[in-house]
Amino acid sequence: MGKEIIKYKNDKDFAAAKQLLTDMNIVDIAEELEEMDKHTAIEIFRIMPKDKAADIFSYMSRDMRQFVVQGITDFEIKEIIDDLFLDDAVDFIEEMPANVVKRVLANVTKEKRDLINQFLQYPKDSVGSIMTVEFVDLKADYTVQNAFEHIRKTGLDKETIYTCYIINSDRKLLGTVSVRALLLAAQTQKVTDIMDANLIFANTTEDKETLVINFNKYDLIAMPVVDNEHRLVGIVTVDDALEVQEQEATEDIEIMAAVSPSEEPYLRTSVIKLAKNRILWLMLLMLSATLTGMVISSFEDALMVVPALTAFIPMLMDTCGNSGSQTAVLVIRGMALGEIKMSNLAIVWWKEVRVAVLCGAALMLINFTRILLMNRDIVLAITTSLALYITVIIAKTIGCILPIFAKKFGLDPAVMASPVITTISDVISLIIFFNLAKVIMQI
């Protein structure tokens, strides 16, 4: 499809190119433009149907948006920004360098510029930073007929009209009503008679991660946002909630893999930046691993007496680390979904202890049999298997407790995932292993 558009453009058959673009999905157009030479992409963007240009612009990557803005006129910038929904315009402004921001803000209406500046004052991770003001609000004294007249008059410029919000004269949120409920009601009924007063809403200063949990919990397509006086100031739509969910999941995965979070797509991130995001964590883990070396060094005498112990150190450390990581990942996921809270600590711990007892017993039995068959040393088999059993229980305990306590003290639970738990578990497993060896093997 992209080749056809370029051919029409090169042949100066702009009418055919425009018709082809009109028939295409806006997301597909944005993807096609990303694959083209940037200068060609700008030329094609400029012949875009005006009613589609802003929507296509909102689906472009940050780099492409910046290039487009730098390659079009001030008037074209004004048209795009004026047609963008406010939350998309704010997202764009936040991503751009200062010189681009200055040019964009200089070419929008004062009203929109004031709104953008107001949104930019909200903390980056707050609900207020991602909400939009393009929604349908209905006065409390409206009838159903009044409501439909208002929707027809203002709905074209709103991001969603499927849910409407009932407010009083002070703009305080009273309830919500769906278009479906309005369609099924009598024309003379008051909207307050059919509204849902059981409100699910967010505050502008709330963490946007909490918002995602409520979207999933209540199956919402939009959520009203109120200020501290309970006045309706905006809404968050499901597409923005899904974007937050993706960002939070990406951040957690990166932290769990011991990589500093980055908002840049992988293919557009420089090698230098990728290295900077990883090197600090690698250094910390390298230094923390010296604890393992110190433990091994302190038991050199035992290793000299029974060198066979050395062969089981990697197995013990890896199994212990993996056991802790399994638990940590599940607990972190449960916390992210709102299933696990600090009050559930005892329940989670008791469940993981029972899981550890079963897993540890199975591993201990297999390990005991393996050592007995291969090494034919029952004392070594007992020592190693018992150490394995105990460390699996301890590792799973650490894996469930650390993320929950991290959340309690305002830290990201993902920080307590694989790398940290593995390091702690390694040290503990070696201490238990060598001390058991000293007692059982009398060395």
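The values are calculated or read from the model by the stated rules, or taken from the named source; none is laboratory data. What you see is a predicted model, and the numbers here were worked out from it, not measured in a lab. No Cβ is skipped: glycine too gets one built from the backbone with ideal geometry, and neighbour counts run over all protein chains shown.
Quickly run through region 1-36 and pick out the residues that are more than 14 Å from M60 (Cα to Cα), at pLDDT 70 or above and not in a helix (DSSP H, G or I). Residue satisfying the conditions is M24 alone.
Got a number for residues in region 128-137 being over 13 Å from D91 (Cα atoms) and of a type outside the set (F, W, Y)? Before you say what the answer is, go through the steps one by one.
First pass over region 128-137, keeping only residues over 13 Å from D91 (Cα atoms): 133-137.
Going one step further and asking which of them are of a type outside the set (F, W, Y), we end up with 133-134, 136-137.
Residues in region 128-137 being over 13 Å from D91 (Cα atoms) and of a type outside the set (F, W, Y): 4 in total.
Considering only region 179-192, I want to know if a residue exists there that is surrounded by 19 or more Cβ atoms within 10 Å (Cβ to Cβ), small (G, A, S) and farther than 30 Å from F92 by Cα. Write out each step before concluding.
Initial filter on region 179-192 (surrounded by 19 or more Cβ atoms within 10 Å (Cβ to Cβ)): 182, 191.
When the remaining residues are screened for being small (G, A, S), the result is none.
Checked against the condition, which is being surrounded by 19 or more Cβ atoms within 10 Å (Cβ to Cβ), small (G, A, S) and farther than 30 Å from F92 by Cα, region 179-192 yields no hits at all.
Across region 125-174, the number of residues qualifying as small (G, A, S) and in a loop (DSSP other than H, G, I, E, B) comes to 2.
For the structure I just gave you, tell me whether D207 is surrounded by fewer than 17 Cβ atoms within 10 Å (Cβ to Cβ), more than 30 Å from S58 (Cα to Cα), among the charged types (D, E, K, R) and touching a residue at least 60 places away in the same chain (Cβ under 8 Å). Against the criterion (surrounded by fewer than 17 Cβ atoms within 10 Å (Cβ to Cβ), more than 30 Å from S58 (Cα to Cα), among the charged types (D, E, K, R) and touching a residue at least 60 places away in the same chain (Cβ under 8 Å)), D207 does not qualify. Can you pull out the residues in region 337-382 that are assigned to a helix (DSSP H, G or I), among the basic types (K, R) and more than 20 Å from L316 (Cβ to Cβ)? Selection gives K351, R354.
Checked against the criterion of being of a type in the set (D, E), modelled with pLDDT under 95 and farther than 21 Å from Q121 by Cα, the candidates D207, D227, D157 yield just one match: D157.
Taking the stated definitions as given, is K407 assigned to a helix (DSSP H, G or I) and modelled with pLDDT under 90?
On the way: assigned to a helix (DSSP H, G or I): yes; modelled with pLDDT under 90: yes.
It is true that K407 is assigned to a helix (DSSP H, G or I) and modelled with pLDDT under 90.
Of all the residues in region 403-433, those that are buried (at least 22 other Cβ atoms within 10 Å of the Cβ) and either among the hydrophobic types (A, V, I, L, M, F, W, C) or within 19 Å of A361 (Cβ to Cβ) (or both) number 10.
When the residues of region 144-153 are filtered to those that are surrounded by fewer than 19 Cβ atoms within 10 Å (Cβ to Cβ) and in contact with a strand residue (DSSP E or B) (Cβ under 9 Å, 6 or more places away or on another chain), which remaining residue is farthest from V233 (Cα to Cα)? Lay out the reasoning, then the answer.
Within region 144-153, the first condition is being surrounded by fewer than 19 Cβ atoms within 10 Å (Cβ to Cβ), and the residues that meet it are 145-146, 148-153.
Next cut, in contact with a strand residue (DSSP E or B) (Cβ under 9 Å, 6 or more places away or on another chain) only: 146, 150-151.
Working: N146: 22, H150: 18, I151: 18 Å.
Restricting to residues being surrounded by fewer than 19 Cβ atoms within 10 Å (Cβ to Cβ) and in contact with a strand residue (DSSP E or B) (Cβ under 9 Å, 6 or more places away or on another chain), the top hit is N146.
When you scan region 65-73, do you find a residue that is among the hydroxyl-bearing types (S, T, Y), out of contact with any Pro (no Cβ under 9 Å at 6 or more places or on another chain), at pLDDT 80 or above and under 30 Å from Q247 (Cβ atoms), even just one? Within region 65-73, none of the residues are among the hydroxyl-bearing types (S, T, Y), out of contact with any Pro (no Cβ under 9 Å at 6 or more places or on another chain), at pLDDT 80 or above and under 30 Å from Q247 (Cβ atoms).
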